[in-house]
Amino acid sequence: MKQVDAGRESGPNWRRMRLPKTRNPFAISGAFLATFGALFFAIFFLLELFGLHTNPYMGIVFYLILPGLFIFGLLLIPFGLWQDRRKRARGESTDFDWPRVDFNNARHRQVAFWISIATFVNVLIVSLAAYSGIHYMDSNEFCGQVCHSVMSPEYTAFQDSPHSRVGCVQCHIGSGAPWFVKAKISGVRQIFAVTLNTYSKPIKSPVHNLRPARDTCEQCHWPEKFHGDKVVVNRSFGADEQNTESTQTMQIHVGGGSDMLTVATGIHWWHMNSANVIEYKTTDEKRQVIPWVRIKDRTGAVREFVADGVKPEDLANAEHRTMDCMDCHNRPSHTFAASAEKALDRGLALGIIPREAPFIKREATALLGQAYGSQQMAKEAIAQKLNEFYRTNYAQLYGSQRAMIDRAITGVQLAYTRNVFPEMNVGWGTYPNNIGHMDFPGCFRCHDDSHKTRDGKTIKQDCTLCHTMQ
C-alpha cells in the first residue's frame, strides 16, 4: 500500500491553492498594466526624489495616469481569474467553490506570505501615488504651467508678485477638506473647458466663488495691525530725448488698529476693523459699479448710502457682499500694468530699460500701443522698429553703444510680454486694479460724494482721508 502524505490527506487539495495559471486576456492585461505602472512610477519617483526632472507635464503622466493604470490593472487581475474560474466550473456545478485555506499546511502559509508581501507593496505604491498626485496637483507648476496658454497671464504675473513664494493653493483653496473637495470638483469642470476650448478669453475676474479672505489672506495678514502711515514715491519719465524723470511723494494713511489696542485710525481701520461691518451691492460682473453701501459701526449704528439716481428696482438683481481684503486688494498676486506708459515707467525706474537710450520712452510707448497677433510678433516688431530708429537717427550711438541699445530693446519687449497676451485677449487695462483711483475707479466706486443717506450724509471724496501729497 502507498504511504499517504498526512499533510496532503488531512488538508484541502493543494491544486486549489496554487498560484493561478491563466490565459484569460483580462488577467494577463491586468498583470501587464500593474507591472508597467508600478515599475515606471518607481523610476519617476526616484528621479524626482533626486531632483533629476523639472518638466511639469511629466507629473500628469507619472502621478495621475500611471497610478490609474496600476490600479486598473490590479482590478483586472481578479476579474480575469474570476471569469476564468466561472468558465471552468460552468459544466460541473452551478455553485462557486471558494479556495480553502489551512495554515497548518506549509505551502498554504508560503502562498499567504507572498500574497501579504504583494499586498503591502501594492498599498505602498497606491499610497505614494495618491500622496504624490495630490501634492503635484497642489503645486504652482501644475496650476500655472500645465494649462500653459490658459494660465500664462496669471502665472507670469504671479512669478513677479510679492506672493511668488506663496503656493497658489494657499490663497485659492486654503486649509481644510471641504474647500479642497470644492476645488477639485471645480477643477474637473475646468479640465472639460480646456479640453473643449470653451474657457473664457480672458479669464473672468473677480472669481465669484473665491474663498473668503478671512480664511486665506488673514492667515498671514492681520488687518487690525496698526501700520501707521506709509510713504510711497511714484516715478515717471517724460517723452523727451533725455527721458526726464519726475517724482511724486505720497504719504498714505494705512492706519489700522482696534479699540483693544487703544489706537484706531486710517484706511484699514475704517474698512477692515472687525468692529465695523461694511456691506455693498454691485451691479456689474467686475464689481466696478457700487450703487449701495451699508455701514454698521462698533456702536451698532447703521447707515445706508445710495448713489444718486438709483432706484430700488436697480438693486433687485445686484450682487450683495460683505467687504473684505479682496474688494480693494483685488489683484494681490496677478497685477498687470494699466497702460504701456506705466509699464515703461516701471522698467525705467528699475533700470531694466536704460534711461540713456534717447527717446526710448516716446518710441516704446508708440510701439507698445499697437496691436499684435502674438507675443512673438510683438517682440520681432519692437526689435525691428527700435533698431531702425537708432540706426537712422543716432548712427554714432548705435555703433558705439550697441549693447545698451540691445538692452533697451529687451527691456521694452519684457514690458510687453509681462502685461499683454494676445492669445488670451489680455491687453492694457483688461483687469481693473482697485488700489487707488488713478487708472481705475477704485476708491471712487464709493468715495464719490454721490452716495448719500436719507438725511444727506455722504461718503466723502476727500483726498486727506487717505493720503497727503508732498
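Only Cα sites of segment 140-199 enter the Debye sum here, all with the same form factor; the resulting log10 I(q)/I(0) across q = 0.30 1/Å is -1.23, listed in q order.
Rounded to the nearest 5, the antiparallel percentage of DSSP beta bridges internal to the chain is 100%.
With the simple model of a label 7 Å out from the Cα in the direction of the Cβ, Ser161 to Lys296 spans 3.1 nm.
Can you compute the FRET efficiency between Phe72 and Trp222 using 1/(1 + (r/R0)^6), with r the Cβ-Cβ distance and R0 = 41 Å? Round to the nearest 0.05. Once the sixth-power term is evaluated, E becomes 0.25.
When the Cα atoms of segment 160-277 are aligned to their principal axes, the ranges along those axes come out at 55, 49, 25 Å in descending order. Excluding same-chain neighbours fewer than eight residues apart, the lysines reachable from Lys281 by a Cα-Cα span under 27 Å are Lys182, Lys201, Lys204, Lys296, Lys311, Lys452, Lys457, Lys460.
Please arrange Met151, Met260, Met272 by counting, for each residue, the other beta carbons lying within 10 Å of its beta carbon, fewest first.
Fewest-to-most Cβ neighbours within 10 Å comes out as Met260, Met151, Met272.
Coordinate range of the alpha-carbon atoms in segment 340-424 per principal axis, descending: 41, 24, 18 Å.
Share of Cα-Cα pairs in segment 208-313 beyond 19 Å, in percent? Numbers along the way, then the final one.
Numbers: 3601 of 5565 pairs.
Result: 65 percent of Cα pairs exceed 19 Å.
Taken along its principal axes, the alpha carbon cloud of segment 357-402 reaches lengths of 34, 18, 14 Å, longest axis first. In the chain, the DSSP-assigned H stretches of four residues or longer account for a calculated mean residue ellipticity at 222 nm of -13500 deg cm²/dmol, using -39500 (n - 2.57) per stretch and the full residue count as denominator.
With the gyration tensor restricted to C-alpha atoms of segment 275-433, the semi-axes of the equivalent ellipsoid amount to 47, 16, 12 Å, longest first.
Restricting everything to alpha-carbon atoms, can you work out Rg to Rh for the chain with a Kirkwood hydrodynamic radius?
Working: Rg = 33.0 Å, Rh = 28.5 Å.
Over the Cα atoms of the chain, Rg/Rh equals 1.16.
Computed from Cα positions, the angle between helix 177-195 and the longest principal axis of the chain comes to roughly 80 degrees.
Laboratory data are not the source of any read-out in this text; all were calculated from the coordinates shown. What you see is a predicted model, and the numbers here were worked out from it, not measured in a lab. Neighbour counts run over all protein chains shown; Cβ positions are idealised from the backbone, glycine included.
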